[in-house]
Amino acid sequence: MSFLVRQISLTADGREIVRAASFDKGQLSLGRAAENDVHLPDLALEPDHARIEQADERHIRVRAMGTLGFGLDGRTVLRAEIDTAMGAELRFGGHRITVSRDEDGTTILSIRRVDAVSEASEEKEETKVFSLRGLLPGKRLTAWGMALAILVGFLAIPIWSYASRPANDTRNIYKLVGDKAWSSGPLSQAHHALEGRCETCHQKAFVSVRDSACQTCHKDAHDHAPASRIAMARAEPGLGGKLLAGVAAAFGKPPEGACVDCHREHEGAGPMQPAPQAFCTDCHGTLKDRLKDSKLGNAGDFGTSHPQFSALVQTLPGKYPRFSRASLDGKRMDDSGLKFPHDIHLSMTGGVAKMARTMKAQYGFGDALACKDCHKPTADGVRFLPVSMERDCQMCHSLAFEKIGGTVRTLRHGQPDQVIADLRAYYRSTGPAQPVALGGMARRRPGDYAQGQIYHAWFGAVAARPSRADDAIRAVFSKGGACYDCHTVTPPGANGNANWQVLPVHQPMRYMMNGWFDHAAHRTEKCESCHAAAKSHDAKQLLLPGIDSCRTCHGGEKAKADVPSGCAMCHSYHGGDGAPWMPADRSAKRDEVDRPRNNRGD
Amino acid sequence: MATRAPVRTRRAKGEVLHDGFLRHAGFRWLKTATLICLLSIASYMLVDVTPHHNGGSWYGYTMGTIGVLLILWLTLLGLRKRAMTRGRWSLKAWTSAHVYLGLSLIVIATLHTGFQLGWNVHTLAYVLMMLVILSGLFGIAVYATLPAALSNNRAEMTQVQMLDAVRAIDRQLHDAAQPLPHDKAALVRQSLEQDPFGGSLLARLSGRYPRCATARAQAALRHWTGDKPDTGNDPLERIDALLERKQAMLARLRRHLRLKALLEIWLYVHVPATFALLAALTAHIVSVFFYW
C-alpha cells in the first residue's frame, strides 16, 4: 500500500539523476502546485491535475480532477485503472510517468521530463534554423526537377509526337499539341489548316523546308526568271549575308531563292504578309550592274529609286496596229485611230455642255459632261471598258437617217460596207425626192439630236442636196460627214481600195503590262487628279500620269508617305496576268467588288 | 582588357586596397559590358535584316551564339566559386565579370529575339533567362545593402547567443508561470511552445508575424494587469516584464532571420532557374534546327 516516486532528470552532459520519494498512503495528488505529492512544474498541467489511488493490491486508479485528462498509452483519458504488474505509461503534459511494481507490491512511478521547457529550448541545428532550408524545397531538387520537366515537356514529347505521327494524318489540327510549343508563331490565315501538322512543311528532321514541300499544293507557281539569270542578278551578299549563307550551307539549307526566303511563315495569324521590298531589291536595286543586257532600270524603292513607267502605246493604228513600250517621260502619243477632243467634251461651257444639260433627265448627265458619262468601268472596277459608239456616243452622235412608220433607221456603226449598201438602197427605193433636213454636228439644235428623232446623218449631203446615192455616200465619208468627224477615212482608189475605208480603232484597256494598277483602289480620287483630260484636244495624247503623280501619295515600303508601297503592291514575282497577290484583309471591299456598280463617283 | 590600366592591375594583384566585386579593377567589367551592349544596339540599328529582325537572321544567329556561350560561361561560376584564387583571374574578378556580363545578356538576348515573343519554348527560354538575371540583380542589391543592416541588428551577438537569450527568457517564464491558474498559464505556454523559427516563408521575408503567441500572451495578460497597481509581488507583473523582454529578443531574431532570408532567397530562384534555362535552351536550339 505504498508508492515510490522516482523523478529522473538529466544533467547537461546527459547523466541521469534520480530523486526517489516514498509515500505510504493510498492516494497521491498530482499537479503543478507545489503542495502536491507529485509536483510537476509543467504549465500544461492544472495546479491540481489528478489523483493516483491504490484500487486493490495490483491495481491503481488514475483520475483527472479537471477536464484536461492525461495520456494513457497514447490515448487521452479522464480516468484509468492500471494493472501495476502489467505496467503502463502515462503522459502528463511534457512529463512521462512509467508505472511498474516491485516484488513487495510497491507501485513505482518513474517520472521523466520528455519535452523541453519551450520550443526554443529544443535542440536546434544552427545552419538549418537560421537559413531558409526547411522553408523551401532544396535548390538542387528544384533545379533538377525543373530541368527534367522542361526537357520532357519541351523536347522529349515534341520529338515523340513527331516520331509517332500516323502516315495518313487525318487528325484534327486543334487536337495536336505535341510540338506546338516549338512553333515560333501562328501560321498565316491561308495555312491555318496546317497548324500543328508541322511535318507538312518540315518534312524531315534537321532538314530545312524545301520548295518541293510548297509545290505539293502550289503546283502552278511560275519561276520569276531562268535560274541562271536569277543567280547572276543577285547582289553579292554582305558580310552578314555570307555568314548566314555559311551557316545555312553548314546545316544543309538550300541556297538563296527558296520559296521560304520570301514567303515567311510563323509571322502571326491573319493574312500572310506580302514579300518585303528587300527581297526584290536584292537583285533589282542594282540589277544593271550585273545584268548588263537587261532592259529593266534599277529599282530600289518606289519613292526614291524607280524608273519612269513604260506604257504599251500604239504607234501605228489600223487593222494591223503596231505597239511599242514608251517611257511616260515627255509628250507621249498613243494613236488609237480615233479623233476625239477631250477638252470640248469636258468643257463647262459651249455646245456639248448645253446639250448635256438638256439630256439630264434621260441620261443622268450633270451641267456638263463628266468622265463617267462615256467611260464605264469593268465589273471588277480595275479598268475601263473601251468606249462603245452605241452605248457611250450615240445618244448625241446619232446615225439615224430616216423614219419609217415609228421606226428610225440608223447607219450601221463599224460596218462601212453596210453603210454604203444602206444608202444605195435608200436612194433606190425612195429617191431623194424630198430633201431631208440634215445638219453637221455643229449645226444641230438642242432637242433635235436624240435617237428616235428624225434626223439626217449625211451632213454634207444636206448642203449638197444630193440627188444620187454616190453623192450621199461621199458626203457621209468626207470632211463634214458623220464618219469623218471621228474616224480616219480613206477614199476609194487610195491604197488600192475599191471602196471607202474607215481605219479600225483599237482602244487598249491596259497600258502597264508588267505593273498592276487598280482603279477601284483609287475610287476616292478624282479622275482629273491623275488624268489631264480637260486640257487634251487630241485623242493621240496619252493621258496616263507619270511616276511623279503616283509619288504624291505613294512612297517606298518604309517611306513616310501616305501610302507606303512595297514592290508587291504593283508587281507580281511569279509573273501572271492577274493582280499581284495581296493579303486578303479587305473583306468589305471585296463585297463591293462583287456588286455591280452603275454610277461611279469618279 | 589586359593591356589597359596596368597600374590598377598590379594593385589588384597585390590586393592592397579592398574593393568589392562590383568595383573590381575600376569597374573594368562594367565598362566591358556597357561597350558590348552599345555595340549590340548599334549593330541592331545599322544592320538591315529582311523582312525584320528575328532570331533566324544572320544577326540573330550571331547574337544567339554569343548569348548561349555567355550563358554557359556564366553558369560555370557555380563551379568556379568553389575554388578561391587570387590575381587577375581571381574569384573576385570572375564574379565581377559574371555580374556585368550577365547583365549585358539582357540586351544581347533581347536583340536576338528581335522582339518576337510568344507562347512557345523559345520565349520560355528567354523568360527563364530574364528570371535568372533579375534574381541575380536582386541578389546584388541585397548583397550591397543588407550586410550592414545585418551587422547592426546583431549588436555583436552570434546567432547561437540570440537563441540562448530566448531560451533563458523561456526558462524564466516557465518558472514564473508555475503559480498561475491554468487559463493564465496556458497563455504563457503558448508563447513557450511557439517555435521562434516557425512561420511561413512570407513571414520570414516580411518580418511580420501576426500570429505571434508572445505578443498575444502579453496583450491578454495586460488585459488583466492593466487596471491593477504594480505591487511588485504579483507574478503576472514579472511575467509581463519577461514577455516584454522576449518580444524584444524575438524582434531582433526575426529581423536577423528576415535579412538572412533576403540574402538567401534569390539563390533559390537563381540556381534552379539557371538549370531550367539550360534545359529550355537545349530544347530551343534543338527545336529550331529540328524543324529548320
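As a length-normalised measure over Cα pairs under 8 Å and 6 or more apart, the relative contact order of region B:44-198 settles at 20 percent. Could you name the lysines in cross-link range of A:Lys139, using Cα to Cα under 25 Å and dropping any fewer than eight places away on the same chain? Cross-link targets: A:Lys124, A:Lys128, B:Lys81, B:Lys92, B:Lys260. Relative to the dominant Cα principal axis of chain B, helix B:213-225 is inclined by about 30°.
Based on a Kirkwood Rh over C-alpha pairs, give the Stokes-Einstein translational diffusion coefficient of region B:78-185 at 37 °C and viscosity 0.692 mPa s in µm²/s. This corresponds to a translational diffusion coefficient of 171 µm²/s. For a straight C-alpha distance cut-off of 17 angstrom, the lysines reachable from A:Lys253 (same-chain residues fewer than eight places away being disregarded) are A:Lys204, A:Lys242. Neighbouring Cβ atoms from other chains, within 10 Å of the Cβ of residues in A:32-44, number 3 on average. Taking all Cα pairs closer than 8 Å and separated by 6 or more residues, the relative contact order of chain A comes to 10 percent. Two tests apply to each whole DSSP H helix in chain A, Cα reach of 15 Å or more along its axis and mean Kyte-Doolittle hydropathy of at least -1.0, and the ones passing both are A:139-151, A:239-250, A:416-429. If R0 is 22 Å, the Cβ-Cβ spacing of A:Glu122 and B:Asp175 corresponds to a FRET efficiency of close to 0.75. Gyration tensor over the Cα atoms of region A:347-423: the corresponding equivalent ellipsoid has semi-axes (square roots of 5 times the eigenvalues, largest first) of 26, 19, 11 Å. Legend: P(r) of region A:3-113 from all alpha carbon pair distances, 5 Å bins from 0, whole percents, reading 2, 13, 23, 28, 20, 10, 3, 1, 0. Counting only other chain Cβ atoms within 10 Å of each residue's Cβ, the peptide B:202-209 averages 1. Calculated on C-alpha atoms, the gyration radius of region A:494-572 divided by its Kirkwood radius gives an Rg/Rh of 1.16.
Computing FRET efficiency as 1/(1 + (r/R0)^6) for A:Ile17 and B:Glu156, where r is the C-beta to C-beta distance and R0 is 45 Å, gives about 0.80.
Placing pseudo-labels 7 Å out from each Cα toward the beta carbon at A:Ala85 and A:Arg6 gives an inter-label distance of 2.1 nm.
Distance between the pseudo-spin-label points of A:Ser228 and A:Leu312 (7 Å out from Cα toward the beta carbon): 2.8 nm. Across 10 Å bins from 0, what is the distribution of all Cα-Cα pair distances for region A:36-188, in whole percents? So the P(r) values, bin by bin, are 9, 22, 14, 10, 9, 10, 12, 10, 4, 0.
In terms of its Cα atoms, region B:159-264 spans 47, 25, 22 Å along the principal axes, sorted from long to short. Return the tail of the calculated pair distribution for chain B, meaning the percent of Cα-Cα pairs more than 37 Å apart. Considering chain B, 41 percent of its Cα-Cα pairs are separated by more than 37 Å.
How big is the gap, in Å, between the Cα center of region B:104-130 and the Cα center of region A:23-60? Value for the Cα centre distance between the two parts: 73 Å. Between B:Ala241 and B:Asp48, the FRET efficiency estimated from the beta carbon spacing at R0 = 56 angstrom works out to 0.10.
The 3J(HN,Hα) values that the Karplus relation (6.51, -1.76, 1.60; θ = phi - 60°) gives for region A:191-205 are, in residue order, 9, 4, 5, 9, 4, x, 9, 4, 6, 4, 9, 7, 6, 10, 4 Hz. Gly and Pro appear as x. Average projection, convex hull of the Cα set of region B:130-178: 5.3 square nanometres.
When only Cα pairs below 8 angstrom with a gap of at least 6 residues are kept, region B:192-292 shows a relative contact order of 33 percent.
Relative to its residue count, region A:80-134 spans a Cα convex hull of 118 Å³ per residue. Binning the alpha carbon pair distances of region B:123-204 at 5 angstrom intervals from zero yields the distribution 3, 11, 12, 13, 14, 12, 9, 8, 7, 5, 4, 2, 1, 0, expressed in whole percent.
The local environment of A:Ala258, defined by Cβ-Cβ distances under 10 Å, has a net charge of -1 under the rule Lys, Arg +1 and Asp, Glu -1. Each residue of region A:303-398 gets 172 Å³ once the volume of the Cα convex hull is shared out per residue. Ordering of B:255-265, B:121-131, A:21-31 by packing is B:121-131, B:255-265, A:21-31, highest average first (other Cβ atoms within 10 Å, averaged per residue). Put the Cα centre of region B:17-51 next to the Cα centre of region A:145-178 and the gap is 40 Å. The Cα atoms of region B:205-292 define a convex hull whose projected area, averaged across directions, is 8.3 nm². Each peptide in A:116-129, A:159-172, B:160-173, B:140-153 gets a packing score, the mean of other Cβ atoms within 10 Å over its residues, and the list from highest to lowest is B:160-173, A:116-129, B:140-153, A:159-172. Against the globular-protein guess of 2.2 N^0.38 Å, express the Cα radius of gyration of the protein assembly as shown as a ratio, rounded to two decimals. Output field value: 1.75.
Ranked by the mean number of other Cβ atoms within 10 Å per residue, highest first, peptides B:240-250, A:377-387 order as B:240-250, A:377-387. Relative to the longest principal axis of the Cα atoms of chain B, helix B:91-113 runs at roughly 60 degrees. In this structure, the pairs whose alpha-carbon distance is over 24 Å, taken from B:Lys184/B:Lys246; A:Lys372/A:Lys403; A:Lys479/A:Lys540, are A:Lys372/A:Lys403.
Computed from the alpha carbon atoms alone, the convex hull of region B:163-217 holds 73 Å³ per residue.
Modelled label positions at A:Ala250 and A:Lys479, each set 7 Å beyond Cα in the direction of Cβ, lie 8.3 nm from each other. Compactness ratio for region A:185-296: Cα radius of gyration over 2.2 N^0.38 Å (N = residue count) comes to 1.19.
Just so you know, all these numbers are worked out from the coordinates, no wet-lab data involved. Please read these numbers as outputs of a predicted model, since none were measured by experiment. No Cβ is skipped: glycine too gets one built from the backbone with ideal geometry, and neighbour counts run over all protein chains shown.
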